[in-house]
Amino acid sequence: MTDIQIGMSKRARRTYSLDEIALVPTRRTRDAHDVNLSWQIDAFKFDTPIIGAPMDSVMSPATAIALGKLGGLGVLNLEGLWTRYEDPQPLLEEINALPADDAPAATRRMQEIYAEPIKAELITARLAEIRESGVIVAGSLTPQNTQEFYQTVVKAGVDLFVIRGAAVSAQHVSSRREPLDLKKFIYELDVPVMVGGVTGYTPAMHLMRTGAAGVLVGFGGGAALTTRRGLGIQAAMATAISDVAAARSDYLDESGGRYVHVIADGSLGRSGDMVKALAMGADAVMIGAPLARAAEAPGAGWYWGNEAHSADFPRGIRTYQGTVGSLEEVLYGPSAYTDGSSNLVGALKRALATCGYTDLKSFQRIDVNVTPYVK
């Protein structure tokens, strides 16, 4: 790929967002009813490649259970309101009612609410609630808090463990906390770990070598993330997913056949974004905003991520997504919306069928074009 000269001392590579990519159908079409969207990570198989992002506005124990029963995977935020408060409902209602026209005031109040310490006994109780329902149990911690709470999480009986941050490296080093050596950490665990985010080939390869079962691509947060404005960091997701998929292929050869799943995480606001993420090489998608539009979502149509209440550098925006239907309708329809906000599974099946594919792995080989982005 040809470099672009920014100036005499700096060159760059042209990258592409999902908005700039369009799929190229093959010479045949398929019946959408013949499309199989199932995927498997470790011993756990799912009917759909949809993972609920660990955000308080999206996943509660109840919505994680509901998503699991509908064929997806719900990941509970183990640093959120459900592990800080015995009854978080009044706090959720307060956050939902914060003024939309005074973002600094809303951010300050959210910072106060999230200043309450995380309680290990609540982590245990919330995960037990999910386990009792019979669905697969998944919880998420940031790298900063993994060392302190992971034993609690594992003892609670989690099936899948997620380490999720804005940018995660194979070795998190801190002068304030015990360093987290991911390779040693994952080796000692008895459960598969998904870790991220990353946006490039080299950091993804390093995470794969730690023994991770899955790598999250992107920084999460979607439309509610302001990392580009605050930190100057942004991931062009089409390129990022393709780069990490290349790392997966090379690591498969390097390791003698160990397959690490690529999970797209960020910039996936509509069904078309998810389709293109899978086409670029993702095995599954971790979504927040689309599920925040479900009637059962804890945010009641409002959407915010962990970045929105960061104590030292908040860079998320609490945004109103609205409600388009029940969680089942968001996933499976029927839909009255034409903007890709509901019947997500139906949209994925129709896209694969229209392009001539019946399963996710073959769909990753589809040809794409670069197209001008038009709103």
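What nm value, rounded to one decimal, do you get for the distance between A43 and L231 when each label is placed 7 Å out toward the C-beta?
Each label point lies 7 Å from its Cα, and together they span 3.6 nm.
Tally Lys and Arg at +1 and Asp and Glu at -1 over the other residues with C-beta under 11 Å from the C-beta of A295: what net charge comes out?
Summing Lys and Arg as +1 and Asp and Glu as -1 gives -2.
Determine, from the Cβ-Cβ distance of E93 and D253 and an R0 of 41 Å, the FRET efficiency 1/(1 + (r/R0)^6), rounded to the nearest 0.05. Display every interim value, and only then the final one.
Numbers: r = 52 Å, r/R0 = 1.27.
Given R0 = 41 Å and the Cβ-Cβ separation, E is 0.20.
Under the rule of at least 5 residues apart or a separate chain, name every residue whose amide H is placed under 5 Å from the amide H of G74.
Those lying under 5 Å, H to H, from G74 are G52, G68.
When you count, for each residue, the other Cβ atoms within 10 Å and take the mean per peptide, how do 46-53, 354-361 rank with the highest first?
Values: 46-53: 24.1, 354-361: 16.9.
By packing density, highest mean first, the sequence is 46-53, 354-361.
With each pseudo-label sitting 7 Å past Cα toward Cβ, what's the E112-K10 distance in nm, one decimal?
4.0 nm
With label points built 7 Å along Cα→Cβ from the Cα atoms of Y187 and A246, find their separation and express it in nm.
Between Y187 and A246, the label points sit 3.0 nm apart.
Can you list the HN-Hα couplings for the range 324-329, worked out from phi with the Karplus curve (6.51, -1.76, 1.60; θ = phi - 60°), rounded to whole Hz and with x for Gly and Pro?
Result, rounded to whole Hz: 10, x, 5, 4, 5, 5.
May I ask you to give the percent of accessible area on the chain that is carbon plus sulfur, with a probe radius of 1.4 Å?
49 percent
Grab the beta carbon distance between A128 and D31, set R0 = 45 Å, and tell me the FRET efficiency rounded to 0.05. Kindly include the intermediate steps, with their values, before the conclusion.
Working: r = 42 Å, r/R0 = 0.94.
Efficiency at R0 = 45 Å is approximately 0.60.
In straight Cα distance, which lysines are under 27 Å from K155, not counting same-chain residues fewer than 8 positions off?
Cross-link targets: K45, K69, K119, K183, K184.
Rounded if a/c is under 1.5, else prolate if a/b beats b/c, else oblate: with a ≥ b ≥ c from the C-alpha gyration tensor eigenvalues square-rooted, which is the range 198-302? Could you put the intermediate results ahead of the total?
Working: a/c = 2.26, a/b = 1.72, b/c = 1.31.
Prolate, since a/c reaches 1.5 and a/b exceeds b/c.
Would you mind pulling out the separation of the Cα centroids of the range 319-347 and the range 250-305, in Å?
The range 319-347 and the range 250-305 have Cα centres spaced 16 Å from each other.
I'd like to compare 201-214, 12-25: which one has the highest average count of other Cβ atoms within 10 Å, and what's the full order after that?
On the way: 201-214: 21.3, 12-25: 16.2.
So the peptides 201-214, 12-25, ranked by packing, come out 201-214, 12-25.
The values are calculated or read from the model by the stated rules, or taken from the named source; none is laboratory data. Bear in mind that the values here come from a model prediction, so they are computed numbers and not experimental data. Ideal geometry is used to build each Cβ from the backbone, glycine not excepted, and the neighbour counts take in all protein chains shown. Surface accessibility is based on the protein's heavy atoms, side chains included, excluding ligands, DNA and RNA. Shrake-Rupley method; radii C 1.70, N 1.55, O 1.52, S 1.80 Å.
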